[in-house]
Amino acid sequence: MQNHFYSVISRMKNINRWGLMRNTRSENLSEHSLEVAQIAHALALISRKRFGGKADPNAAAVAAMYHDTPEIITGDMPTPVKYSNSQIITAYKQIEKAAEQRLMELLPEDFKEEFEAIYSPDPEIARLVKAADKLSALIKCTEELNMGNREFAAAYDSVLAAVKALHCPEADVFLAEFMPGFSLTLDEQNNRSEGKT
């Protein structure tokens, strides 16, 4: 029996993010989701290794990989619009939930139980995925600023404040240990990893 779930989610690469902003390089939803998965995996590792947490890094990565799939149906709503008032926030959450259910309906019956856990992860995984999503946005802002694109200056400040407002110790570790590398050139990264100044 044919099933279209994976062919539908492959369309993530056709959805560009940051639609209201002038970008030096466009970012699609597929790229963003991979980066969020990598960061969520890192945050779960930080949780386990540094704070004695129990979050499963693989579960965090998979939940992050699928966290924005409803946008295949809804499109990427710009943050200033999505969070402009409580009515829009509530309405958009309902739309996202409906889109998620529509995607779930595309799954074979024997896959649905696993995807229920992916789309509704336990609170600890959800917390780390949310932080990873914000850190990915901060990386995008950093990359654009590195290219001289001042369009992202206010967004950088806003996203950094949002990351800090999460009071997520794992995200704080990521900011301190991993974020500085995103402001370096490839040569600078190589020199520092080899102990050169």
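The values are calculated or read from the model by the stated rules, or taken from the named source; none is laboratory data. Because the structure is predicted, anything quoted here is derived from the model rather than measured. Here Cβ is always computed from backbone atoms with ideal geometry, including for glycine, and neighbour counts include all displayed protein chains.
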Residues in region 157-197 that are acidic (D, E) and surrounded by 14 or more Cβ atoms within 10 Å (Cβ to Cβ) total 2
Quick test for you: out of L128, L135, pick the one residue that is more than 18 Å from W18 (Cβ to Cβ), surrounded by 21 or more Cβ atoms within 10 Å (Cβ to Cβ) and either of a type outside the set (V, I, T) or at pLDDT below 95 (or both). L128
If you check K93, K97, which single one turns out to be more than 30 Å from M1 (Cβ to Cβ), under 19 Å from the mean Cα position of the chain (by Cα) and either surrounded by fewer than 12 Cβ atoms within 10 Å (Cβ to Cβ) or not aliphatic (A, V, I, L, M) (or both)? K93
Are any residues in region 138-156 buried (at least 16 other Cβ atoms within 10 Å of the Cβ) and among the aliphatic types (A, V, I, L, M), and if so, which ones? L138, I139, L145, A155
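So that you can scan it fast, the table gives a plain yes or no per residue for (1) modelled with pLDDT of 95 or more; (2) surrounded by fewer than 19 Cβ atoms within 10 Å (Cβ to Cβ); (3) more than 29 Å from N149 (Cα to Cα):
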site: N3; (1), (2), (3): no, yes, yes
site: N23; (1), (2), (3): yes, yes, no
site: A40; (1), (2), (3): yes, no, no
site: N58; (1), (2), (3): yes, yes, yes
site: A64; (1), (2), (3): yes, no, no
site: P80; (1), (2), (3): no, yes, no
Boolean, T185 is in contact (Cβ under 8 Å) with a residue 24 or more places away in the chain and among the hydroxyl-bearing types (S, T, Y): no
Output the helices (runs of 4 or more DSSP H) that fall wholly within region 1-69 and possess 1 or more residues being under 24 Å from P108 (Cα atoms), touching a helix residue (DSSP H, G or I) at 6+ places or on another chain (Cβ under 8 Å) and without any contact (Cβ under 8 Å) to a residue 60 or more places away in the chain, or say none. 29-51, 57-66
